[in-house]
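Structure first, then comments.
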Amino acid sequence: MASLPDVMELCLEKARDWVQKASSIAVLTGAGVSAESGVPTFRDAAGLWNQFRPEDLATPEAFARNPKTVWEWYNWRRSIIDQARPNAAHFALAELQQRVSRLTLITQNVDGLHQEAGSQRVLEIHGSIWRLRCTECGRVWIDRSVPLKLLPKCACSGLARPDVVWFGESLPHDVWQTAEVAASNCDLFLAVGTSAVVYPAAGLAKTAKRSGAKTIEINLEPTPISGFVDCTIKGPAAEIVPKLLTAA
Ligand code: BV8
Ligand code: ZN
């Protein structure tokens with residue numbers, strides 16, 4: 001009976017081979033890919049949702065009820081992310097995009113670390129913590145000041161909000177459509193560091209699988225997609241993702 005490490009090694013070998021042979025790859029990343037950069041995740045033991053209630057901070061109702069509290073939370077997260085640097089997983093995904101003819105990087109993260117590592121055309125399906133959006137005129141702009149002066153206002157004097165997607169809000173239409181097309185047309189789908197519980201992002205793995213793609217998951221723990229992906233590699237993203245690029 002093969003031991004767990006052997007099974008893992010076999011899976012890694014298979015994954016390496018698929019990466020080398022793939023002509024189009026779709027990658028979905030979650031908070032786990034930034035964990036080794038010191039950015040808190042949401043649903044881990046030390047995750048954000050264990051300290052705060054999502055409905056108090058990540059919904060339009062919460063913002064309408066108490067914009068100052070929501071902005072204080074985003075200011076706190078901006079201060080942490082401002083100190084974070086991309087880790088080996090971010091750099092390996094940027095390197096992979098250089099090597100493969102088509103790689104679409106879809107991220108649920110709002111930290112911008114993939115772009116900082118050199119990834120191109122990143123699909124930020126849940127928005128960006130560095131962008132603000134006016135609640136009156138809809139203008140969107142980048143402001144990387146840390147801390148942000150609280151209750152930031154637009155030039156039109158409208159109150160600004162973080163340009164992120166909260167629960168109950170639709171994802172940016174064009175960005176989401178591009179992500180769905182990528183997942184439906186890839187021959188290899190990688191899910192890296194996501195708990196796969198937030199929809200519609202979590203549905204991309206099944207979309208890829210149904211479209212005939214090979215599917216690989218890299219995570220520390222099993223998730224709801226572990227049951228159907230072709231290969232689950234248990235381990236930290238910063239260690240595992242670079243290994244996918246080394247020759248088998
Ligand atoms: C939508 C804001 C519909 C950005 C976030 C009732 C009412 C309304 C909607 C719903 C409802 N019930 C269900 C829904 C749908 C809802 C949903 O899915 N809820 C779930 C929780 C049940 N989804 C939505 O509301 C979405 N919108 O459906 O709109 C609609 C349609 C038409 C018209 C109107 C509306 C919007 C979802 C976006 C929510 N926004 N945050 C921000 O501030 O960051 S949620 C939050 O979860 C983040 O966005 C995050 O990106 C996302 C997913 O989390 P993960 O990234 O996976 O992170 P997590 O901590 O969970 O997991 C980390 C994983 O990494 C773990 O598995 C861990 O083991 C692993 N890990 C840790 N360290 C490492 C590692 N892996 C590898 N290496 C490591 N080192
Ligand atoms: Zn405005």
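Of the strands (runs of 3 or more DSSP E) contained entirely in segment 150-219, those carrying at least 2 residues that are polar (S, T, N, Q) fall at 214-219.
Summed over segment 32-66, residues that are among the basic types (Lys, Arg) and farther than 25 Å from Pro222 by Cα total 1.
Listed residues Val19, Val33; which is within 26 Å of Arg131 (Cβ to Cβ), touching a helix residue (DSSP H, G or I) at 6+ places or on another chain (Cβ under 7 Å) and β-branched (Val, Ile, Thr)? Walk me through it before giving the result.
Numbers: Val19 fails: within 26 Å of Arg131 (Cβ to Cβ).
None of the others qualify; the one that does is Val33.
Any residue in segment 116-125 that is open to solvent by less than 40 Å² (accessible area, probe 1.4 Å), within 16 Å of ligand 2 (Cβ to nearest atom) and not in a helix (DSSP H, G or I)?
The first filter runs over segment 116-125 and keeps only residues open to solvent by less than 40 Å² (accessible area, probe 1.4 Å), leaving 117-119, 122-125.
Now narrow it down to the ones that are within 16 Å of ligand 2 (Cβ to nearest atom): none.
Checked against the condition, which is being open to solvent by less than 40 Å² (accessible area, probe 1.4 Å), within 16 Å of ligand 2 (Cβ to nearest atom) and not in a helix (DSSP H, G or I), segment 116-125 yields no hits at all.
Looking at this structure, is Trp176 touching a strand residue (DSSP E or B) at 6+ places or on another chain (Cβ under 9 Å), open to solvent by 20 Å² or more (accessible area, probe 1.4 Å), within 16 Å of ligand 2 (Cβ to nearest atom) and at pLDDT 95 or above? Considered against the rule, which asks whether it is touching a strand residue (DSSP E or B) at 6+ places or on another chain (Cβ under 9 Å), open to solvent by 20 Å² or more (accessible area, probe 1.4 Å), within 16 Å of ligand 2 (Cβ to nearest atom) and at pLDDT 95 or above, Trp176 comes out as no.
Listed by first and then second residue, the pairs linking a residue in segment 139-163 that is open to solvent by 90 Å² or more (accessible area, probe 1.4 Å) to a residue that is in a strand (DSSP E or B) and away from ligand 1 (no atom under 16 Å from the Cβ), with Cβ atoms under 7 Å apart and 6 or more places separating them unless they lie on different chains, are Lys153/Leu159. Looking at segment 210-218, is at least one residue outside the structural domain of Phe63 (by TED's automatic domain parsing), farther than 24 Å from Pro40 by Cβ and out of contact with any helix residue (DSSP H, G or I) (no Cβ under 9 Å at 6 or more places or on another chain)? Yes: segment 210-218 contains one or more residues that are outside the structural domain of Phe63 (by TED's automatic domain parsing), farther than 24 Å from Pro40 by Cβ and out of contact with any helix residue (DSSP H, G or I) (no Cβ under 9 Å at 6 or more places or on another chain).
Go through segment 87-122 and report how many residues are on the phi < 0 side of the Ramachandran plot and basic (Lys, Arg).
Let us first name the residues in segment 87-122 that are on the phi < 0 side of the Ramachandran plot, namely 87-111, 113-117, 119-120, 122.
Restricting the remaining residues to those that are basic (Lys, Arg) gives 99, 102.
Within segment 87-122, residues that are on the phi < 0 side of the Ramachandran plot and basic (Lys, Arg) number 2.
For segment 195-207, the criterion of being over 30 Å from Pro60 (Cα atoms), open to solvent by less than 50 Å² (accessible area, probe 1.4 Å), hydrophobic (A, V, I, L, M, F, W, C) and more than 9 Å from ligand 1 (Cβ to nearest atom) is satisfied by no residue at all.
Consider segment 64-74. How many of its residues are open to solvent by less than 20 Å² (accessible area, probe 1.4 Å) and either more than 14 Å from Leu48 (Cα to Cα) or assigned to a loop (DSSP other than H, G, I, E, B) (or both)?
Let us first name the residues in segment 64-74 that are open to solvent by less than 20 Å² (accessible area, probe 1.4 Å), namely 70-71, 73-74.
Still in the list and also either more than 14 Å from Leu48 (Cα to Cα) or assigned to a loop (DSSP other than H, G, I, E, B) (or both): 71.
Number satisfying all stated conditions: 1.
Is it the case that Glu61 is acidic (Asp, Glu) and more than 27 Å from Gly203 (Cα to Cα)? Before you say what the answer is, go through the steps one by one.
Details: acidic (Asp, Glu): yes; more than 27 Å from Gly203 (Cα to Cα): no.
Answer is no for this residue.
The values are calculated or read from the model by the stated rules, or taken from the named source; none is laboratory data. Treat the numbers as computed from the prediction; the structure is a model and nothing was measured. Counting neighbours? That spans all protein chains shown, and the Cβs are built from the backbone with ideal geometry, glycine included. Heavy atoms of the whole protein, side chains included, go into the accessibility calculation; ligands, DNA and RNA do not. Shrake-Rupley method; radii C 1.70, N 1.55, O 1.52, S 1.80 Å.
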